[in-house]
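As structure tokens, the structure follows; a few thoughts come after it.
The values are calculated or read from the model by the stated rules, or taken from the named source; none is laboratory data. Quantities reported herein were computed from a predicted structural model and do not represent experimental measurements. Positions of Cβ are generated from backbone atoms using ideal geometry, with glycine treated the same way; all protein chains shown enter the neighbour counts. Calculation scope for accessible area: heavy atoms of the full protein, side chains included, ligands and nucleic acids excluded. Shrake-Rupley method; radii C 1.70, N 1.55, O 1.52, S 1.80 Å.
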Amino acid sequence: MRILLDNFTKSFGKLTVIDQMNLEIHDGEMIALLGGSGCGKSTTLFAICGIHKVNGGRILFGDKDVTNITSQERNVGVVFQSFALYPHMTVEQNIGFPLKLRKEPVEQIKRKVHEIAEMVHIEVLLHRRPGELSGGQQQRVALARALVRRPDVLLLDEPLANLDATLRLEMRSEIRRIQQETGITAVLVTHDQVEAMSMCDRIAIMDEGKIVQITEPRDMYVNPVSDFVAGFLGSPPIAFLEGRIEDGKFVEPSTGVHMPLSADVATANNGREVRVGIRPEYFQPGNGAMIKGRVSFIEAQGRETLYNVMLPDGNILRSIQGSHSPVKIGDDVEWGVDTAHILIFGQDGLRI
Amino acid sequence: MGNSKHLGLYMLAPAFLFVIVFFLTPVLLTGVFGFTNMSTATGITGGSYMVSQSSMQALKDRHDLSEIAKKLSQVIYTIDEEGLNAAAQEGVDAGTLAELKAGFLGQSFQKRRAVERAIKSLDNRPSSTRAIKKLSALFERSVLNIRYDTEVDLFAAIDKFGLPLSVAEKTAMSDVTYTGWVFTTDNFKRMISLPDTMTTLINTLFYVFVTLIVFNTGFALVLAISTHYMDAASAGFFRSVWLLPRITPPVLYVLMWKWLAWDTGFLSTVLGPLGFEPRNWMLDTPANAWTFIILINGMVGASMGMLIFSSAIKAIPSSLFYASEVDGANRMQQVRHIILPQLRFPILFITSYQTLSLLTSFEYILLATEGGPGGATEVWALTTYLKALSNYAGALEYGYGAALALVLVVVGVFLSILYLKLFDFKTLTAPPKIE
Ligand SMILES: Nc1ncnc2c1ncn2[C@@H]1O[C@H](COP(=O)(O)OP(=O)(O)O)[C@@H](O)[C@H]1O
Ligand SMILES: [Mg+2]
């Protein structure tokens with residue numbers, strides 16, 4: 001079901017956490033609310049499910065205004081960061097709880113619980129209590145409980161944050177699989193850009209209670225609207241150089257680094273102070289604009305290797321390379337920047 | 001390492017000492033005293049032997065020696081050396097005495113008149129009737145109401161009284177005439193046979209369970225849950241209000257209730273214009289007395305449960321409340337499915353703790369009704385106190401009181417063990433199954 005936040009505002013006392021947010025989540029889509037800690041992601045989520053009352057604006061499920069409807073009546077499924085399983089109930093009772101509250105017949109509850117348990121692969125755990133489950137299993141139970149009554153929207157608050165690395169990878173694809181199988185509209189709150197990029201159809205990236213950009217993961221990666229977005233997405237992260245546009249080129253005064261820019265950008269902004277963002281995959285041996293530096297750090301990531309290259313003025317550029325080169329820490333290198341893919345931002349942080 | 005192992009013991013030693021001095025010793029002493037007949041009459045040190053109305057009654061009742069009892073209760077007159085010497089001292093004519101000795105030495109008379117007759121029959125008899133009476137008085141012999149330090153003295157006296165006793169009779173005699181305390185199981189027999197005991201028992205059960213269920217647990221739960229759903233400021237206010245009775249000195253607190261109930265107090269004043277006779281509402285009827293007793297105790301008792309339950313509810317992660325909300329649970333359902341199950345152990349704890357403390361506490365009842373009207377609100381602990389330590393007549397029955405207290409101790413220990421089993425501390429302290 002489509003979800004619409006229309007000028008949604010939320011404050012706690014004097015602190016306005018979300019100010020006039022607009023967000024439309026399409027039917028059947030999985031969207032990520034991505035942002036740093038404390039930017040208001042959970043607040044937004046809790047407003048959608050009705051745990052928090054909003055201070056302004058409207059929330060629509062489909063065409064129905066649910067702004068003043070209690071969470072009990074909203075038909076949302078929520079997976080909490082801590083899973084929030086009821087410790088005194090068995091897995092079966094946990095999953096069946098929403099149905100039991102609706103006074104569905106016992107047989108029907110049993111059937112639905114078994115169906116959903118099968119879907120999230122926890123049929124054999126139904127008689128255990130949450131305390132007897134591993135983190136990943138608890139996660140699946142929480143997911144099952146959120147899904148069992150076919151909610152209009154599935155809300156996930158940092159669902160993977162409490163899992164270890166391998167489980168996180170496994171649950172990432174599991175959650176996505178289940179979301180696609182059910183075709184449910186879903187909102188994933190996360191501070192992890194990899195999760196957001198790998199699991200969702202679109203990402204809404206948030207900063208201080210505002211949505212900075214909302215688009216598909218690939219597009220957000222390639223066309224960030226600001227240096228904030230560019231910095232948030234990508235691992236290892238993008239590196240920035242400060243400088244000025246002079247005569248069709250980007251020039252960094254202290255090191256004399258200069259890179260040719262496309263003509264229309266260069267002419268329109270001649271003489272302007274800018275920041276240039278260079279992603280690690282576009283700083284490689286053999287590329288166009290050469291930059292000299294010294295290797296200050298090497299991280300072998302297995303398939304790829306990450307190099308930090310320190311420029312004479314102390315700025316760091318990152319390079320990720322597939323083939324293992326014999327370069328060692330302390331070596332002087334001269335690698336090139338693929339200038340077709342550099343991102344140029346003004347002093348205000350906005351993309352030029 | 002070896003030293004540090006002992007260090008713990010040393011550090012615990014003061015605690016052990018406290019336990020021994022302030023807990024074990026009283027319990028042991030209660031156990032000992034419960035099997036004695038100590039009372040104000042017997043004293044708590046040793047006693048003496050005395051033939052008295054009551055001991056003779058006992059001799060008749062318990063040992064079926066009514067003949068002896070009857071004789072010992074009487075006064076007889078025996079012409080003996082002792083009497084003759086005493087008469088000589090008094091200045092009675094030596095001739096008279098010599099004649100008396102020659103004629104009657106060793107003879108006993110049951111009646112005063114008989115001795116007087118004997119004296120009158122002497123040739124050298126005193127001239128006045130008064131002198132005769134005075135002389136005869138010197139031969140008056142009785143063992144009644146004389147304390148003898150040992151039983152040997154007692155038997156000697158009885159011998160002299162002219163009533164030689166057999167061995168069995170002596171045993172019976174020393175049993176009934178001993179005025180000090182002895183070890184006995186009579187307290188428990190008496191407890192079982194007295195109808196009052198059953199009344200007290202029923203009173204106690206009623207008092208403990210009604211107060212416990214209605215207030216100490218039930219109302220405490222209501223308070224804790226309702227304040228949970230309030231905003232922080234009002235919740236704090238409400239909790240403080242319910243703590244007031246707890247921190248009011250009991251005497252003052254009960255006095256306020258008494259003022260409320262007196263025939264010139266609040267209730268009577270307010271209800272007077274509505275046509276109700278002014279009366280002491282608290283002591284009017286047993287039902288009223290119970291109502292007040294339970295209210296008085298409950299208002300105080302609810303606060304502890306409220307605090308424990310409140311903090312237990314606070315300890316429930318808020319995400320559980322959120323989760324249940326989105327799962328569709330209204331408040332009643334939250335209380336039933338989330339809060340109450342999570343409060344299982346606090347409830348069990350309060351129930352057991354408060355059973356024990358209600359069982360042994362009687363101060364509010366003592367202050368409010370003193371067990372009245374007519375013993376209607378007398379509970380076990382109060383009876384114990386009244387029997388052993390405070391009696392209108394001043395006749396305190398330490399032994400019986402201790403026996404009553406011993407029953408409380410045994411019940412208390414039994415309940416404690418039962419509750420510990422219920423709590424199942426092993427599973428409570430078991431390592432969590434999730435790492
Ligand atoms: N119940 C609350 N009362 C007061 N402030 C809150 C409350 N919940 C969240 N906040 C504040 O709102 C801001 C956003 O919080 P939140 O939405 O939880 O951030 P996140 O994006 O990490 O999920 C934070 O500054 C936080 O301190
Ligand atoms: Mg959060």
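Could you please let me know if residue A:257 is away from ligand 1 (no atom under 16 Å from the Cβ), free of Cβ contacts under 8 Å to residues at least 24 places away in the same chain and not assigned by TED's automatic domain parsing to the domain that holds residue A:12? Walk me through how you get there before you give the answer.
Values: away from ligand 1 (no atom under 16 Å from the Cβ): yes; free of Cβ contacts under 8 Å to residues at least 24 places away in the same chain: no; not assigned by TED's automatic domain parsing to the domain that holds residue A:12: yes.
For residue A:257, the condition - away from ligand 1 (no atom under 16 Å from the Cβ), free of Cβ contacts under 8 Å to residues at least 24 places away in the same chain and not assigned by TED's automatic domain parsing to the domain that holds residue A:12 - is not met.
Can you tell me which of A:195, A:208, A:273 is of a type in the set (D, E, K, R) and more than 16 Å from ligand 1 (Cβ to nearest atom)? Show your work before the answer.
Values: A:195 fails: more than 16 Å from ligand 1 (Cβ to nearest atom); A:208 fails: more than 16 Å from ligand 1 (Cβ to nearest atom).
Going through A:195, A:208, A:273 in turn, just one is of a type in the set (D, E, K, R) and more than 16 Å from ligand 1 (Cβ to nearest atom): A:273.
So is residue A:224 in contact with a Cys (Cβ under 7 Å, 6 or more places away or on another chain) and on the phi < 0 side of the Ramachandran plot or not?
Here the answer is no, as residue A:224 does not meet what is asked.
Among the residues of the range A:18-39, what is the count of those that are surrounded by 20 or more Cβ atoms within 10 Å (Cβ to Cβ) and within 15 Å of ligand 2 (Cβ to nearest atom)?
Total meeting the criteria: 6.
Looking only at residues in the range A:1-17 that are crowded, with 16+ Cβ neighbours inside 10 Å and of a type in the set (A, V, I, L, M, F, W, C), which one is farthest from ligand 1 (Cβ to nearest atom)?
A:1
State which residue is nearest to ligand 1 (Cβ to nearest atom) when the search covers only the range A:36-76 and only residues that are without any contact (Cβ under 8 Å) to a residue 24 or more places away in the chain and within 14 Å of residue A:98 (Cβ to Cβ).
Within the range A:36-76, the match that is nearest to ligand 1 (Cβ to nearest atom) is A:71.
Here is a list: A:84, A:146, A:117. Which entry is among the aliphatic types (A, V, I, L, M) and out of contact with any helix residue (DSSP H, G or I) (no Cβ under 7 Å at 6 or more places or on another chain)?
On the way: A:84 fails: out of contact with any helix residue (DSSP H, G or I) (no Cβ under 7 Å at 6 or more places or on another chain); A:117 fails: out of contact with any helix residue (DSSP H, G or I) (no Cβ under 7 Å at 6 or more places or on another chain).
None of the others qualify; the one that does is A:146.
State whether one or more residues within the range B:395-405 are more than 11 Å from the chain's Cα centre (by Cα) and without any contact (Cβ under 8 Å) to a residue 60 or more places away in the chain.
First, pick out the residues of the range B:395-405 that are more than 11 Å from the chain's Cα centre (by Cα): B:395.
Remaining after also requiring without any contact (Cβ under 8 Å) to a residue 60 or more places away in the chain: none.
Within the range B:395-405 (the criterion being more than 11 Å from the chain's Cα centre (by Cα) and without any contact (Cβ under 8 Å) to a residue 60 or more places away in the chain), the answer is no, since none of the residues qualifies.
How many of the residues making up the range B:316-328 are more than 7 Å from every other protein chain (Cβ to nearest Cβ) and assigned to a loop (DSSP other than H, G, I, E, B)? Quick ask: steps written out before the conclusion?
Taking the range B:316-328 as the starting set, the residues that turn out to be more than 7 Å from every other protein chain (Cβ to nearest Cβ) are B:316, B:318, B:321, B:324.
Those still in the list that are assigned to a loop (DSSP other than H, G, I, E, B) too: B:316.
Residues flagged as more than 7 Å from every other protein chain (Cβ to nearest Cβ) and assigned to a loop (DSSP other than H, G, I, E, B) within the range B:316-328 amount to 1.
Restricting to the range B:11-65, and then to whatever is among the hydroxyl-bearing types (Ser, Thr, Tyr) and part of a strand (DSSP E or B), can you tell me which residue is most open to solvent (accessible area, probe 1.4 Å)? Can you show your working first?
Applying the first criterion (among the hydroxyl-bearing types (Ser, Thr, Tyr)) to the range B:11-65 yields B:25, B:30, B:36, B:39-40, B:42, B:45, B:48-49, B:52, B:54-55.
Next, from what is left, pick out any that are part of a strand (DSSP E or B): B:36, B:49.
Working: B:36: 0, B:49: 35 Å².
By that ranking, first place goes to B:49.
Going through the range B:136-167 one residue at a time, which ones are more than 25 Å from residue B:100 (Cβ to Cβ), of a type in the set (Val, Ile, Thr) and not in a loop (DSSP other than H, G, I, E, B)?
Once the filter is applied, which keeps residues that are more than 25 Å from residue B:100 (Cβ to Cβ), of a type in the set (Val, Ile, Thr) and not in a loop (DSSP other than H, G, I, E, B), the range B:136-167 yields B:152, B:167.
Of all residues in the range B:302-324, which are open to solvent by 40 Å² or more (accessible area, probe 1.4 Å) and over 21 Å from residue B:212 (Cβ atoms)?
Applying the first criterion (open to solvent by 40 Å² or more (accessible area, probe 1.4 Å)) to the range B:302-324 yields B:304, B:307-308, B:311, B:314-315, B:317-318, B:322.
Correct list: B:314, B:315, B:317, B:318, B:322.
Residues of the range A:84-99 being within 7 Å of another protein chain (Cβ to nearest Cβ) and either over 32 Å from the mean Cα position of the chain (by Cα) or acidic (Asp, Glu) (or both), which ones?
The one that is within 7 Å of another protein chain (Cβ to nearest Cβ) and either over 32 Å from the mean Cα position of the chain (by Cα) or acidic (Asp, Glu) (or both): A:88.
Can you say whether residue A:128 is out of contact with any strand residue (DSSP E or B) (no Cβ under 9 Å at 6 or more places or on another chain), open to solvent by 10 Å² or more (accessible area, probe 1.4 Å), under 28 Å from residue A:29 (Cα atoms) and more than 8 Å from chain B (Cβ to nearest Cβ), as far as the supplied structure shows? Please lay out each step first, then the result.
Working: out of contact with any strand residue (DSSP E or B) (no Cβ under 9 Å at 6 or more places or on another chain): yes; open to solvent by 10 Å² or more (accessible area, probe 1.4 Å): yes; under 28 Å from residue A:29 (Cα atoms): no; more than 8 Å from chain B (Cβ to nearest Cβ): yes.
No, not satisfied.
How many of the residues in the range A:40-60 are open to solvent by less than 10 Å² (accessible area, probe 1.4 Å) and more than 9 Å from ligand 2 (Cβ to nearest atom)?
Result for the range A:40-60: 5.
What number of residues within the range B:395-412 are open to solvent by less than 40 Å² (accessible area, probe 1.4 Å) and not in a helix (DSSP H, G or I)?
1
What helices (runs of 4 or more DSSP H) lie completely within the range A:77-178 and have 3 or more residues being farther than 29 Å from residue A:197 by Cβ and more than 16 Å from ligand 1 (Cβ to nearest atom)? Can you show your working first?
Numbers: elements: A:91-101, A:106-119, A:135-147.
Output list reads A:91-101, A:106-119.
From the list B:79, B:119, which residue is closer than 22 Å to residue B:154 by Cα, among the aliphatic types (A, V, I, L, M) and in the same structural domain as residue B:161 (by TED's automatic domain parsing)?
Values: B:119 fails: closer than 22 Å to residue B:154 by Cα.
When all the criteria are applied, what remains is B:79.
Got a number for residues in the range B:66-91 being assigned to a loop (DSSP other than H, G, I, E, B), surrounded by fewer than 21 Cβ atoms within 10 Å (Cβ to Cβ) and over 43 Å from the mean Cα position of the chain (by Cα)?
As a first pass, look at the range B:66-91 and keep what is assigned to a loop (DSSP other than H, G, I, E, B): B:73-75, B:79-80, B:91.
Retained after the next criterion (residues that are surrounded by fewer than 21 Cβ atoms within 10 Å (Cβ to Cβ)): B:73-75, B:80, B:91.
From what is left, the residues that are over 43 Å from the mean Cα position of the chain (by Cα) are B:80, B:91.
Number satisfying all stated conditions: 2.
Those residues that are crowded, with 21+ Cβ neighbours inside 10 Å and not in a helix (DSSP H, G or I), I need them from the range B:329-360; list them, please.
B:329, B:343
Taking the criterion of being in contact (Cβ under 8 Å) with a residue 12 or more places away in the chain, within 9 Å of chain B (Cβ to nearest Cβ) and either more than 26 Å from residue B:313 (Cβ to Cβ) or not polar (S, T, N, Q) (or both), would at least one residue in the range A:100-110 satisfy it?
Step one: of the range A:100-110, the residues in contact (Cβ under 8 Å) with a residue 12 or more places away in the chain are A:102, A:109-110.
Subset that is within 9 Å of chain B (Cβ to nearest Cβ): A:102.
After this cut, where a residue has to be either more than 26 Å from residue B:313 (Cβ to Cβ) or not polar (S, T, N, Q) (or both) as well, the list is A:102.
The answer is yes, given that some residue of the range A:100-110 is in contact (Cβ under 8 Å) with a residue 12 or more places away in the chain, within 9 Å of chain B (Cβ to nearest Cβ) and either more than 26 Å from residue B:313 (Cβ to Cβ) or not polar (S, T, N, Q) (or both).
Kindly establish whether residue B:419 is at pLDDT below 90 and surrounded by fewer than 18 Cβ atoms within 10 Å (Cβ to Cβ). Spell out how you get there, then give the answer.
Numbers: at pLDDT below 90: yes; surrounded by fewer than 18 Cβ atoms within 10 Å (Cβ to Cβ): yes.
For residue B:419, the condition - at pLDDT below 90 and surrounded by fewer than 18 Cβ atoms within 10 Å (Cβ to Cβ) - is met.
Being assigned to a helix (DSSP H, G or I), in the same structural domain as residue B:143 (by TED's automatic domain parsing) and of a type in the set (Phe, Trp, Tyr), is that true of even one residue in the range B:107-115? Can you show your working first?
Of the residues in the range B:107-115, the ones assigned to a helix (DSSP H, G or I) are B:112-115.
Filter once more, keeping what is in the same structural domain as residue B:143 (by TED's automatic domain parsing): B:112-115.
The next check asks that each one be of a type in the set (Phe, Trp, Tyr); those that pass are none.
Scanning the range B:107-115, I find no residue that is assigned to a helix (DSSP H, G or I), in the same structural domain as residue B:143 (by TED's automatic domain parsing) and of a type in the set (Phe, Trp, Tyr), so the answer is no.
For residue B:289, are the conditions met, namely being on the phi < 0 side of the Ramachandran plot, open to solvent by less than 20 Å² (accessible area, probe 1.4 Å) and more than 26 Å from the chain's Cα centre (by Cα)? Step through it out loud before you land on a result.
On the way: on the phi < 0 side of the Ramachandran plot: yes; open to solvent by less than 20 Å² (accessible area, probe 1.4 Å): yes; more than 26 Å from the chain's Cα centre (by Cα): no.
Against the criterion (on the phi < 0 side of the Ramachandran plot, open to solvent by less than 20 Å² (accessible area, probe 1.4 Å) and more than 26 Å from the chain's Cα centre (by Cα)), residue B:289 does not qualify.
If we keep just the residues of the range B:122-161 that are closer than 30 Å to residue B:95 by Cα and acidic (Asp, Glu), which is surrounded by the fewest Cβ atoms within 10 Å (Cβ to Cβ)?
Looking at the filtered set, the residue picked out is B:123.
I'd like to verify a number: residues in the range A:179-195 that are within 25 Å of residue A:230 (Cβ to Cβ) and part of a helix (DSSP H, G or I), how many?
In the first step, residues of the range A:179-195 are kept if they are within 25 Å of residue A:230 (Cβ to Cβ); the result is A:187-195.
With part of a helix (DSSP H, G or I) added as a condition, the list becomes A:193-195.
Adding up the residues that qualify gives 3.
A quick yes/no check of all residues on (1) at pLDDT 90 or above; (2) in contact with a helix residue (DSSP H, G or I) (Cβ under 6 Å, 6 or more places away or on another chain); (3) surrounded by fewer than 19 Cβ atoms within 10 Å (Cβ to Cβ):
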residue: B:238; (1), (2), (3): no, yes, yes
residue: B:241; (1), (2), (3): no, no, yes
residue: B:244; (1), (2), (3): no, no, yes
residue: B:300; (1), (2), (3): no, yes, no
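Looking for something under 27 Å from residue B:189 (Cα atoms), at pLDDT 80 or above, open to solvent by 90 Å² or more (accessible area, probe 1.4 Å) and assigned to a helix (DSSP H, G or I) - is there at least one such residue anywhere in the range B:1-9? Explain how you work it out, then say what you get.
Initial filter on the range B:1-9 (under 27 Å from residue B:189 (Cα atoms)): none.
The answer is no; no qualifying residue exists.
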